[in-house]
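Here the structure comes first, spelled out in structure tokens, and everything after it is commentary.
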Amino acid sequence: MNNRVVNALAAASLSALLVAGFGGMAGAADPADMVKERQQTMKKLGGGMGAVAKFVKNEGGTQEDAAKGAEAVLAVAKMDAKAVFPTGTAVGVGDSAAKPELWQNWSAAEEKWKAMQPAAMKLAEAIKGGDRAQIGQALGATSKTCGGCHEDFRVKKQ
Ligand code: HEC
């Protein structure tokens, strides 16, 4: 290889590195993106709960759909609260509806996040049993864990 080719290759790989580096940084560090990501995560919870509710109310959802819904809730509940609520993503960033109090009372918020897990596990168990009344009860209990956090730490949308 002559020198020109070597230099060209070096320049190409350097710029590839820079692009990858900046791209990665922008993806991880843009607070507005982190807000969007959290809202997507929350939507998974909403979707999972909705699938279970459909079955409970006999509105066309199958038991299998309900089981998948509970699984989705459980999977999100197992996420680290710190990953869902990175600092610097409170109200004012993007269209965040997360109150600053969530971070000011972090241990309470984290506890509320963790409380979803046992509730979602019971919900999954109840779904296996197939009894709509019992599933409905477990769904209500799980929903309380959502509401408990929203009540304190989420800005009410108009
Ligand atoms: C530890 C606190 C906490 C828990 C537990 C929690 N949420 Fe949330 N949720 C929030 C906060 C804060 C927001 C506002 C997020 C934002 O706008 O960045 C939110 C927003 C949402 C949204 C709106 C998302 C959007 O598109 O803007 C939905 C839907 C939602 N949550 C569903 C649920 C469900 C269902 C559960 C329970 C299975 C749950 N959440 C549990 C704190 C919580």
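Where a number appears in this text, it was derived from the coordinates with a stated rule and is not lab data. Here the structure is a predicted model, which is why all the values come from computation and not from measurement. Virtual Cβ from ideal backbone geometry, glycine too; neighbours counted across all protein chains shown.
For the reader, a short list of remarks on this structure follows.
- Every residue from the range 119-139 that is surrounded by fewer than 14 Cβ atoms within 10 Å (Cβ to Cβ) and part of a helix (DSSP H, G or I): E125, K128, G129, A133
- Residues satisfying the stated conditions in the range 61-82, i.e. closer than 15 Å to I127 by Cα and more than 11 Å from the ligand (Cβ to nearest atom): G61, T62, Q63, E64, D65, A66, A67, K68, E71
- The range 64-87: number of residues that are over 13 Å from the mean Cα position of the chain (by Cα) and either surrounded by fewer than 13 Cβ atoms within 10 Å (Cβ to Cβ) or of a type in the set (F, W, Y) (or both): 2
- Matching residues, the range 124-158, being within 18 Å of the chain's Cα centre (by Cα) and among the aliphatic types (A, V, I, L, M): V155
- Within the range 83-118, the residues that satisfy the criterion of being assigned to a helix (DSSP H, G or I), over 13 Å from H150 (Cβ atoms) and either near the ligand (Cβ under 9 Å from one of its atoms) or not aromatic (F, W, Y) (or both) are A83, V84, Q104, S107, A108, E110, E111, K114, Q117, P118.
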